[in-house]
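Colleague: The structure under discussion is supplied below as structure tokens; questions concerning it will follow.
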Amino acid sequence: MKNEGYKTAIIILAAGLGTRMKSDMAKVLHKVGEKPMINHVVDTAEGVSTDNIIVVTGYQSDLVREAVKACKEIRFAFQEKQLGTGHAVLCAMPELKEHIENVVILCGDVPLLLSETVSFFIDHHKITKNILTVLAVAVNNPTGYGRMIVDDQGALIKIVEEADASKDQKNINLINSGIYCAERSFLDHALNLLTPENAQGELYLTDIISIASKEKQKIGLYIGQNADEVIGVNSLKDLHQADQILCRRQGKTS
Ligand code: UD1
Ligand code: CA
């Protein structure tokens, strides 16, 4: 299974400004530990056996590209307007090499993810022959994350964003990490069906789950054991928290 890495690509979403950071600097350029978040995520991607890594840039595109230019095997895609995570992936699809069959999507603001976890996740996706697999974790405070909605059998049917969630849905503590693995052909199809009919008026990548579910495709829900690894940095408070977790991981005190 490991030798099949060459048929897998990784797309990293890093085009957003990050309004909630209250800073003019692109969110992914903020440092966690010694280096910017985007460098952590690119290093993670480089530790997985794939030969096609694509970084989607937009806001301060030149600076973000400059930060990762030393990394080999990277291609870039440009998202001129930040119309949502689904639109960002759509912008990256033309950069996929021809032989790619599976696409992993990572977020540039999830800096503590380990390569090992991504490799296990890809293997799981391939072994189970899912069309789409999503990495979820259970957390004490799910505020701000997409909530995983499952049916009576425990099968994932959709993801609801915080801004669109009902009071009951907000109580769900199984959250979307923003990490996905999908068959390329399914992504090509589903991304073109996205519409901005939601509270934020964006093309949500998360809507590919309800599309797959309605089409009765095989969707996998992979539950990660370490919530700290998939912390998403949206605010300075999150940045501080990620920094502390990294310090602990490296055996430093903060
Ligand atoms: C997203 C997910 C949410 C999940 C969370 C995990 C969607 C709709 N929501 O929410 O379910 O729980 O991540 O951390 O996908 N980006 C672009 N272009 C855009 C918009 C975003 O490249 O047009 C990039 C951002 O730079 C960022 C990443 O995508 O690196 C995630 O975007 P963000 O706005 O932080 O999404 P969340 O609201 O955290
Ligand atoms: Ca985020």
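The values are calculated or read from the model by the stated rules, or taken from the named source; none is laboratory data. Being a predicted model, the structure only gives us computed values, none of them experimental. Quick reminder, even Gly has a Cβ in these numbers, built from the backbone with ideal geometry, and neighbours come from all protein chains shown. To get the accessible areas, we keep the full protein, side chains included, count just its heavy atoms, and leave off ligands, DNA and RNA. Shrake-Rupley method; radii C 1.70, N 1.55, O 1.52, S 1.80 Å.
Colleague: Find the Cα radius of gyration of the stretch 36-131, compare it with 2.2 N^0.38 Å by division, and give the number to two decimals.
Modeller: It is 1.07.
Colleague: Which length gain, in nm to one decimal place, applies between Leu17 and Glu197 when the Cα-Cα distance is subtracted from 0.36 nm times their residue separation?
Modeller: Taking 0.36 nm per residue and subtracting the Cα distance, the gain is 62.6 nm.
Colleague: Let me have the relative contact order for the chain, percent, based on Cα pairs under 8 Å that are six or more residues apart.
Modeller: RCO, the chain: 23 percent.
Colleague: Given a 1.4 Å probe and every protein chain left where it sits, what share in percent of the accessible area of the stretch 1-120 is carbon and sulfur?
Modeller: Looking at the stretch 1-120 in its full context, I get 52 percent from C and S.
Colleague: In addition: List the residues, sorted by chain then number, that are 5 or more residues from Arg75 or on another chain and whose placed amide H is less than 5 Å from its amide H.
Modeller: Residues meeting the criterion, in which the H sits 1.01 Å from N, are Ile53, Ile54, Val55.
Colleague: Now for a separate question. Take the chain, connect every pair of alpha-carbon atoms lying under 10 Å apart with a spring to form a Gaussian network, then pick out the residue of Cys181, Cys91, Cys107 with the largest mean-square fluctuation.
Modeller: Result: Cys91 has the largest fluctuation of those listed.
Colleague: Which of the trypsin sites (Lys or Arg not before Pro) found in the stretch 34-117 are loop residues per DSSP with 16 or fewer other Cβ atoms within 10 Å of their Cβ?
Modeller: Lys69, Lys72, Lys81, Lys97
Colleague: What percent do you get for the relative contact order of the stretch 92-166 when only Cα pairs under 8 Å and 6+ apart count?
Modeller: It comes to 16 percent, rounded to a whole number.
Colleague: Same structure again: Considering only C-alpha atoms, what is the centroid distance from the stretch 105-163 to the stretch 180-254, in Å?
Modeller: Between the Cα centres of the stretch 105-163 and the stretch 180-254 lies a distance of 6 Å.
Colleague: Can you grab the distance from the C-alpha centre of the stretch 31-81 to the C-alpha centre of the stretch 9-26, Å, no decimals?
Modeller: 11 Å
Colleague: Sort the stretch 87-237 into rounded, prolate or oblate with this rule: let a ≥ b ≥ c be the square roots of the eigenvalues of the Cα gyration tensor; rounded if a/c is under 1.5, and if a/c is not under 1.5, prolate when a/b is larger than b/c, oblate otherwise.
Modeller: Rounded.
Colleague: What's the local net charge at Glu46, with K and R +1, D and E -1, over the other residues with C-beta under 11 Å away?
Modeller: Every neighbour counted, the sum reads -2.
Colleague: Here is a follow-up. Just the number please: accessible area per residue for the chain, 1.4 Å probe, all protein chains included, in Å².
Modeller: 48 Å²
Colleague: Determine the calculated [θ] at 222 nm for the chain from helices alone, applying -39500 (n - 2.57) to every DSSP H run no shorter than 4 residues and normalising by the residue count; nearest 500 deg cm²/dmol.
Modeller: Helices in the chain give a 222 nm mean residue ellipticity of -8000 deg cm²/dmol.
Colleague: Counting other Cβ atoms within 10 Å of each Cβ, which GluC sites (Glu not before Pro) in the stretch 159-254 have at most 11 and sit in a DSSP loop?
Modeller: For GluC sites (Glu not before Pro) across the stretch 159-254 that sit outside H, G, I, E and B with at most 11 neighbouring Cβ atoms in 10 Å, the list reads Glu197.
Colleague: Another question, if that's okay. Restricting the count to DSSP beta bridges whose residues both fall in the chain, what percent are antiparallel, rounded to a multiple of 5?
Modeller: 45 percent
Colleague: Here is a further query. Convex hull over the alpha-carbon atoms of the stretch 183-254: what's its volume per residue in Å³?
Modeller: It comes to 130 Å³ per residue, whole-number rounded.
Colleague: With the cut-off at 32 Å, report for the chain the share of all Cα pairs above it, as a whole percent.
Modeller: More than 32 Å apart: 14 percent of the Cα pairs in the chain.
Colleague: At a threshold of 8 angstrom on Cα-Cα distance, excluding pairs fewer than six apart, so keeping six or more, what relative contact order does the stretch 1-109 reach in percent?
Modeller: Over the stretch 1-109, the number comes to 40 percent.
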